[in-house]
Amino acid sequence: MPKKLLLEHIDVPSIETFETYRRHGGYASVEKALKTMTPDAVTEEVKKSGLRGRGGAGFPAGLKWSFLDRKSEKPRYLVCNADESEPGTFKDRYLMEKIPHLLIEGMITASYALGAKTSYIYIRGEYMYIVRILERAIEEAYAAGFLGQHILGTPYSLDLYVHPGAGAYICGEETALLESLEGKRGNPRLKPPFPAVAGLYAAPTVVNNVETIAAVVSIVNGGGDEYAKVGLGKSTGTKLISASGHINKPGVYEIELGLPVEEFIFSDEYCGGIWKGRKLKAVVAGGSSVPILPAHLILKTAKGEQRLMTYESLADGGFISGTMLGSGGFIVMDETACIVRNLWTFSRFYHHESCGQCSPCREGTGWMEKVLHRIEHGHGHMHDIDLLVDVAKKIEGNTICPLGDAAAWPVASAIRHFREEFEYHVKYPEKVANPKHFELEPFRSERLELSNA
Amino acid sequence: MVKVTIDGIEIEVAEGTTILNAARQIGGDVVPPAMCYYTSLKDSGGKCRVCLVKVTHTSTKDPRPMPKLVASCRTNVMDGMVIQNITSPEVLEARKGVVEFLLINHPLDCPICDQAGECDLQNLAYEHGVAKTRYEEERRTFEKIDIGDKIKLHMTRCILCYRCTFVADQLTDNRVHGILGRGDTSEISTYIQKAVDNDFSGNMIDVCPVGALTDNTFRFKSRVWFTKPLDAHRNCDKCCGKVVLFTKGDEVLRVSARKDKYAEVTEYICNECRYDHKRLSDWVIEGPRHIDRNSVISQNHYEKIDLLKLKQEIERQIDFEKGKQLPEPNQSLTA
Amino acid sequence: MRFSEETLALVNKIIRRYPEGKQKSALLPVLHLAQAEFDGWLSPDVMDYVAGLLAIKPIEVYEVATFYSMYNLKPVGKCLIEVCQTGPCWLRGSDDIVHHLESKLGIKVGETTPDGMFTLKTVECLGSCGTAPMLQCGSKFHENLTTDKVDTLLENLKSTNQRTSYMR
Ligand SMILES: Cc1cc2nc3c(=O)[nH]c(=O)nc-3n(C[C@H](O)[C@H](O)[C@H](O)COP(=O)(O)O)c2cc1C
Ligand code: SF4
Ligand code: SF4
Ligand code: FES
Ligand code: FES
């Protein structure tokens, strides 16, 4: 049985209620931390665990906590990033909907470690029904004495609130999230200062992803060292993977980091293989922002080693032949998928979601979308392909926040690995006029076929 | 004081100085252009990205290079920092990209734009732009509108530098306009028809780096380089009263605040001085205004950008635009 | 223009979640309440009212309301149907769902049926890619869609004949 640290009790009936959750060992981490540990000792365990941020960037959580300015006179805040809007990612929603108390418990334990007296869960507005689930869970936690004044009779007090967004992917970027929480437009801030020094209301703030905070529960319960034994190398613990696209069993899976990609795609325990008996064509392994890889490069690295579900293995080969674990949004494409059309939807997404503050992203995302729209609809030129590469290059690294990079990488990588398909669109406009072109007749590229063999 | 090196030139500046301002202290070619930063407006900068530079050496303590190009207007220097601006091909390439981005949706209607001749974007485009546009898509357009009776908003030309919103926030007591919408459909607007009318609101015109906000009392009266700019002042109980008069004969066509060589206003003026004193006799004339850098009004720049061609093009187009006052080509170009 | 007493109490409760003087933080949640209470969209009057409640400038509300995609700045039909069309949903046939809705309702994306009953919109990833294709109507997610399921949904919406809202 693979190790489950987050979803162990997910199938227990009524696990969303406090009572059931508590009966299955819930809130033990709060008791343990508040009654037997100092806040710094909790942070120390998180450091030892090697837990890395699950929101996409993979920054070590313990290290981030240790940066929090504890000398400031201002209050400190913990804000949970539940904005989950990266295409292909739906694990936070699953967790919050099915086992909301796990997040609440993690929030209390983490807030204690950070010395926060007020904490917020910033959740994307489209998840409004989950706002109600979380608020019910919070009410139950207050009633049971796990929130509010003098939790469990200790001197520690905490208030926890849910704050809904209103439709903006960019509010997942932590400083845009803080702006939005302050009732403003979701424009990312210039850094420095970092939130650890001047975050919410200019006070020291830690922003962590839902899954990161939920993982704190098992780290405190079992100890950081135990957690670090799960996983592989610097990719410790388990990770929720949102699997979507052309697979037999889409859904959220908790995997132990280190699982071979091939097993994840083809084993019945996970994705269950490619649907309709078709062949695997490509995978976007970590949410729409990360580079797309063709079948042969997602299963094996360029060096011919087995590709594993770890931060390191997926990144092997850099941007030439590798990708990133990102948020764990695992999007699988079969042989009938049109890479150009899929990319166009991604580019449309980034164009739609750019906050518009800085010129390369504001103008460049729209430009890329328009060119891709033309190519996909049979109005492209050969020079458009290199133009896209160049526009992507001029956005990447030159913007205020990483949304610019996130918009550029998919374009650059799709053209790097699937250039023939773009050329095909330019050469045969009449064939791509039908939006289902490759469903009628899958695109064959000799180069890729040889590599996939 | 900390020591920094920009394009091989060493300088000592006060701690907390930005890279841009350190470069301005050196002056000359090592100064990065700036389209959104504005010294006197708090929180401005960081958005347009034309001022990107490369930090090859973070500080004496931390000799590592910074991983990405940084916005020089919002990055503070550290002791021992080494910066490349025009000596870095990477910076020049990125800047060229940014200028291209700023231009793809710009109408390029300089020939009929009141800002032509004193437009930061025009200057930037000449220095860093590429000759031919690669943008084949439809350009974004907006209707031009009056925001108040004195200010014309030509949103199509706006580069979303946010300066005018900072002026409204920081200089006036009631901001009624702002950035609406998101991404490349964001716009400067009041949302519902509202007049921007407020003692210091006219300064929005002066801080606007392009011709998006223009003075309705001046529009199309003349090309700016056919006017004669004069330094002048009057006793004003609301502001410093120190202005530049753009005159033609004994007519005052436009009044604006004084700008330094980086095209920044140092002392703001009130709307009364700007709009209500259009007679030479209202003012104490100090003498001709010397305008340098960033303006084609300046002789130097004129030579660099092939003024004659620009002028001919402009005249051709203006001829086209019947009903608008034709300029007198013989008028002297500088004060 | 005025919220019901019940909503006003809720507004005050929301404001108290944030430190004193930071009542602007309540703007997003309060705009959601306003949209739900005042016919599914935010008119300038509604926004001015919210500005007054939170003691901020009207332009601050306009700036925010126009930034976020869930706020409707124009009237919408009783039932707002939002179909996800991003990559993962597209891979599993969201185009077919959109076309089906268009022909069933006799309108194009972005339009409202003449009887004011339905507005059809396409949106970007709603975090439901594993159950694609999907659409959102009110706060409810309708997942693993087929054309049959869409038909049933439309029937249900018609017979319930109630304004959908994210807040219900
Ligand atoms: C454009 C953009 C969108 C993001 N969206 C999310 C998101 O939806 N959820 C999330 O947890 N992190 C998101 N992030 C990452 C956050 O900025 C931040 O790194 C994260 O919340 C930190 O938490 P972690 O360290 O626990 O991962 C996004 C970043 C960017 C640049
Ligand atoms: S990169 Fe895009 S999203 Fe990020 S600040 Fe710039 S315009 Fe906004
Ligand atoms: S109108 Fe002018 S000052 Fe205002 S944002 Fe646009 S370019 Fe900047
Ligand atoms: S001047 Fe520095 S980013 Fe605009
Ligand atoms: S792509 Fe449709 S829900 Fe994610």
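The values are calculated or read from the model by the stated rules, or taken from the named source; none is laboratory data. All values reported here derive from a predicted model rather than from experimental measurement. As a convention, Cβ positions derive from the backbone with ideal geometry for all residues, glycine included, and neighbour counts pool all protein chains shown.
At least 3 residues being under 21 Å from the mean Cα position of the chain (by Cα), at the interface with chain A (Cβ under 9 Å from one of its Cβ atoms) and under 17 Å from A:Leu181 (Cα atoms) is the threshold, and among the helices (runs of 4 or more DSSP H) wholly inside the stretch C:1-61 those reaching it are C:27-37. The set of residues in the stretch A:349-387 that are assigned to a loop (DSSP other than H, G, I, E, B) and either within 16 Å of ligand 2 (Cβ to nearest atom) or modelled with pLDDT under 95 (or both) comprises A:Ser354, A:Cys355, A:Gly356, A:Gln357, A:Cys358. If the condition is being of a type in the set (A, V, I, L, M) and either more than 13 Å from chain A (Cβ to nearest Cβ) or in a loop (DSSP other than H, G, I, E, B) (or both), then the stretch B:63-90 contributes B:Met66, B:Leu69, B:Val77, B:Met78, B:Met81, B:Val82, B:Ile83, B:Ile86. Among residues of the stretch A:396-423 that are on the phi > 0 side of the Ramachandran plot, those with a Cβ under 9 angstrom from a residue that is in a loop (DSSP other than H, G, I, E, B) and within 16 Å of ligand 4 (Cβ to nearest atom), sequence gap 6+ or separate chain, pair up as A:Gly397/B:Lys68; A:Gly397/B:Leu69.
So, in the stretch A:180-198, of the ones that are within 14 Å of chain C (Cβ to nearest Cβ) and assigned to a loop (DSSP other than H, G, I, E, B), which residue ends up farthest from ligand 2 (Cβ to nearest atom)? Among them, the one singled out is A:Gly183. Quick one: is A:Lys64 within 11 Å of ligand 1 (Cβ to nearest atom), more than 12 Å from chain C (Cβ to nearest Cβ), touching a residue at least 40 places away in the same chain (Cβ under 8 Å) and of a type in the set (Lys, Arg)? For A:Lys64, the condition - within 11 Å of ligand 1 (Cβ to nearest atom), more than 12 Å from chain C (Cβ to nearest Cβ), touching a residue at least 40 places away in the same chain (Cβ under 8 Å) and of a type in the set (Lys, Arg) - is met.
Here is the figure for the stretch A:164-177: residues that are of a type outside the set (S, T, N, Q) and either part of a helix (DSSP H, G or I) or not assigned by TED's automatic domain parsing to the domain that holds A:Gly145 (or both) total 7. The residues listed here are A:Tyr161, A:Tyr122; of these, the one that is modelled with pLDDT of 95 or more, part of a strand (DSSP E or B) and under 24 Å from C:Glu82 (Cα atoms) is A:Tyr122.
State yes or no: is B:Arg134 within 16 Å of ligand 2 (Cβ to nearest atom) and outside any helix (DSSP H, G or I)? Answer is no for this residue. Among residues of the stretch A:332-351 being under 19 Å from the mean Cα position of the chain (by Cα) and within 14 Å of chain B (Cβ to nearest Cβ), the one that is surrounded by the fewest Cβ atoms within 10 Å (Cβ to Cβ) is A:Phe349.
Quick check on A:Ile247: is it under 24 Å from C:Trp90 (Cα atoms) and not assigned by TED's automatic domain parsing to the domain that holds A:Arg348? Answer is yes for this residue. Taking the criterion of being in contact with a Leu (Cβ under 9 Å, 6 or more places away or on another chain) and away from chain A (no Cβ under 11 Å), the residues of the stretch C:75-95 that qualify are C:Gly77, C:Lys78, C:Cys79, C:Leu80, C:Ile81, C:Val83. Among the residues of the stretch A:85-111, those identified as in contact with a strand residue (DSSP E or B) (Cβ under 8 Å, 6 or more places away or on another chain) and free of Cβ contacts under 8 Å to residues at least 60 places away in the same chain are A:Ile104, A:Ser111. Looking at B:Val224, is it within 22 Å of the chain's Cα centre (by Cα) and within 16 Å of ligand 4 (Cβ to nearest atom)? Here the answer is no, as B:Val224 does not meet what is asked.
The single condition among (1) more than 21 Å from the chain's Cα centre (by Cα); (2) closer than 19 Å to B:Tyr37 by Cβ; (3) among the basic types (Lys, Arg) that B:Arg95 does not satisfy is (1). Only a single item in (1) free of Cβ contacts under 8 Å to residues at least 12 places away in the same chain; (2) in a loop (DSSP other than H, G, I, E, B) is not met by A:Tyr270, and it is number (1). Summed over the stretch C:17-43, residues that are crowded, with 21+ Cβ neighbours inside 10 Å, out of contact with any Leu (no Cβ under 8 Å at 6 or more places or on another chain) and among the hydroxyl-bearing types (Ser, Thr, Tyr) total 1. Comparison of A:Glu376, A:Glu363, A:Glu369 shows that the only residue that is surrounded by 24 or more Cβ atoms within 10 Å (Cβ to Cβ), more than 9 Å from chain B (Cβ to nearest Cβ) and farther than 30 Å from A:Leu257 by Cβ is A:Glu369. Checking B:Cys164, B:Cys208, B:Cys119 one by one, the residue that is under 22 Å from A:Ser354 (Cα atoms) and either within 12 Å of another protein chain (Cβ to nearest Cβ) or of a type outside the set (D, E, K, R) (or both) is B:Cys164 and no other. Being in contact with a Cys (Cβ under 9 Å, 6 or more places away or on another chain) and within 22 Å of A:Ala168 (Cβ to Cβ) holds for only one residue in C:Cys79, C:Cys89, and it is C:Cys89. Would you be able to say whether some residue in the stretch B:167-179 is closer than 26 Å to C:Ala51 by Cα, within 14 Å of chain C (Cβ to nearest Cβ) and within 16 Å of ligand 1 (Cβ to nearest atom)? No; the residues of the stretch B:167-179 include none that is closer than 26 Å to C:Ala51 by Cα, within 14 Å of chain C (Cβ to nearest Cβ) and within 16 Å of ligand 1 (Cβ to nearest atom).
Selection within the stretch C:64-82: residues that are touching a helix residue (DSSP H, G or I) at 6+ places or on another chain (Cβ under 8 Å) and in a strand (DSSP E or B). The member of this set that is farthest from C:Val46 (Cα to Cα) is C:Ile81.
Listed conditions (1) part of a loop (DSSP other than H, G, I, E, B); (2) free of Cβ contacts under 8 Å to residues at least 24 places away in the same chain are all met by B:Gly97, apart from (1). Do the conditions hold for A:Ser242, that is, is it touching a Cys at 6+ places or on another chain (Cβ under 8 Å) and hydroxyl-bearing (Ser, Thr, Tyr)? Spelling it out, A:Ser242 is indeed touching a Cys at 6+ places or on another chain (Cβ under 8 Å) and hydroxyl-bearing (Ser, Thr, Tyr). On inspection, A:Thr212 passes the criterion of being more than 16 Å from ligand 2 (Cβ to nearest atom) and either closer than 20 Å to A:Ser119 by Cβ or part of a loop (DSSP other than H, G, I, E, B) (or both).
Determine whether the stretch B:24-35 contains at least one residue that is within 24 Å of the chain's Cα centre (by Cα) and within 11 Å of chain A (Cβ to nearest Cβ). Yes - at least one qualifying residue is present in the stretch B:24-35. Selection of the stretch A:144-168 for residues being away from chain C (no Cβ under 14 Å) and in contact (Cβ under 8 Å) with a residue 40 or more places away in the chain yields A:Ala144, A:Phe146, A:Ile151, A:Leu152, A:Thr154, A:Tyr156, A:Ser157.
Count of the stretch B:16-62 residues, restricted to those that are buried (at least 24 other Cβ atoms within 10 Å of the Cβ) and either part of a helix (DSSP H, G or I) or near ligand 4 (Cβ under 7 Å from one of its atoms) (or both), is 14.
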